[in-house]
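See below for the structure under consideration.
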Amino acid sequence: MESTISFFDNSLDPAVRGFLHSPANPNGDALILTHGAGSNCTAPLLVALSEVFAGHGYTVLRCDLPFRQQRQTGPPFPGNAERDREGLRNAIAVLRKNVAGRLFLGGHSYGGRQATMLCAAEPESLKPELVSGLLLLSYPLHPPRKPEQLRIQHLPNLRTPSLFVHGTRDPFGSVAEMTAALRLVHAKTELMRVEGAGHDLGFKGKIQAKELPASILAKFGEMYG
């Protein structure tokens with residue numbers, strides 16, 4: 001049976017804080033998950049995903065971004081994003097010390113966007129890659145009702161394989177808009193549609209709470225093997 005423990009490492013700045021899920025039968029690979037602008041790493045979707053992935057052999061670290069470590073509530077302040085990305089880089093460094101296989105990075109909304117920006121900023125010639133792939137939940141393509149404010153400037157520089165999970169009623173971007181944006185990425189991408197779901201991916205419903213994490217794991221397995 002997998003185990004979950006509180007995790008804190010302040011050997012780097014920003015510190016890495018969250019929860020570590022250790023599988024009973026590790027497959028050698030690991031996943032880092034983080035949260036959106038209004039949440040933290042105890043978000044039910046992240047917890048459920050961590051448990052499902054750990055149950056299938058992945059070591060999972062779900063962690064609080066630096067802005068959330070500083071304040072329990074509220075969105076990140078303007079100018080926080082670069083430090084949040086450094087927090088993700090530090091989480092990768094910490095987890096890589098304990099995992100011999102592939103390392104994946106993911107997050108919901110703001111957390112996922114910062115993950116894509118971190119990977120897009122890596123030099124193309126850098127080997128090995130920062131992570132083997134991305135898992136992006138409800139990527140915030142634009143603010144609600146402001147489709148002209150697209151957050152796509154970095155996508156042409158993204159060369160990391162990426163699985164996007166997106167609700168068909170997400171006000172932060174339609175499926176059609178997401179499909180167009182993914183054409184900018186110079187790497188393998190997949191778009192997993194969650195029918196009828198909004199930005200929360202419909203996870204508040206009991207059926208989705210049971211089925212969605214397993215469906216994401218299955219699609220993840222299809223993409224990354």
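The values are calculated or read from the model by the stated rules, or taken from the named source; none is laboratory data. Computed from a predicted model, the values in this text were never measured in an experiment. Reconstructed Cβ throughout: ideal geometry from the backbone, glycine too, with neighbour counts over all protein chains shown.
Worth a mention:
- Looking at Phe19, Phe67, Phe53, just one residue is over 21 Å from Tyr139 (Cβ atoms) and of a type in the set (A, V, I, L, M, F, W, C), and that residue is Phe19.
- All positions within segment 93-119 that are crowded, with 22+ Cβ neighbours inside 10 Å, more than 13 Å from the chain's Cα centre (by Cα) and more than 13 Å from Thr34 (Cβ to Cβ): none
- The combined condition, being crowded, with 22+ Cβ neighbours inside 10 Å and in a loop (DSSP other than H, G, I, E, B), is fulfilled by Val131.
- Of all residues in segment 162-176 being touching a helix residue (DSSP H, G or I) at 6+ places or on another chain (Cβ under 9 Å) and crowded, with 19+ Cβ neighbours inside 10 Å, the one that is farthest from Ser138 (Cα to Cα): Ser162
- Considering segment 203-225, the residues that are assigned to a loop (DSSP other than H, G, I, E, B) and within 14 Å of Ala43 (Cβ to Cβ) include one that is modelled with the lowest pLDDT, namely Lys204.
- Scanning segment 65-117 for residues that are assigned to a helix (DSSP H, G or I), among the hydrophobic types (A, V, I, L, M, F, W, C) and closer than 18 Å to Leu20 by Cβ yields Leu88, Ala91, Ile92, Ala93, Val94, Leu95.
- Tally of residues being in contact with an Asp or Glu (Cβ under 9 Å, 6 or more places away or on another chain) and either within 20 Å of Glu122 (Cα to Cα) or at pLDDT below 95 (or both) across segment 172-185: 1
- Exclusive hit being over 21 Å from Cys119 (Cβ atoms) and without any contact (Cβ under 8 Å) to a residue 60 or more places away in the chain, set Arg62, Arg89, Arg71: Arg71
- Top-ranked residue in segment 177-191 [being among the aliphatic types (A, V, I, L, M) and buried (at least 18 other Cβ atoms within 10 Å of the Cβ); ranked as farthest from Pro140 (Cα to Cα)]: Val185
- Counting residues in segment 100-109 that are in contact with a helix residue (DSSP H, G or I) (Cβ under 9 Å, 6 or more places away or on another chain) and farther than 30 Å from Asn25 by Cα gives zero.
- Test: residue in segment 153-171 that is part of a helix (DSSP H, G or I), closer than 20 Å to Leu212 by Cβ and modelled with pLDDT of 95 or more: no
- Taking the numbered list (1) modelled with pLDDT under 95; (2) farther than 23 Å from Leu201 by Cβ in turn, Pro66 passes all entries but (1).
- Residue satisfying all of: in segment 54-92; within 11 Å of Ile32 (Cα to Cα) and among the hydrophobic types (A, V, I, L, M, F, W, C); surrounded by the fewest Cβ atoms within 10 Å (Cβ to Cβ) among these: Ile92
- Test: Glu2 is acidic (Asp, Glu) and modelled with pLDDT under 95: yes
- Exactly one residue out of Ser39, Ser50 is surrounded by 17 or more Cβ atoms within 10 Å (Cβ to Cβ) and within 18 Å of Ile216 (Cα to Cα): that is Ser50.
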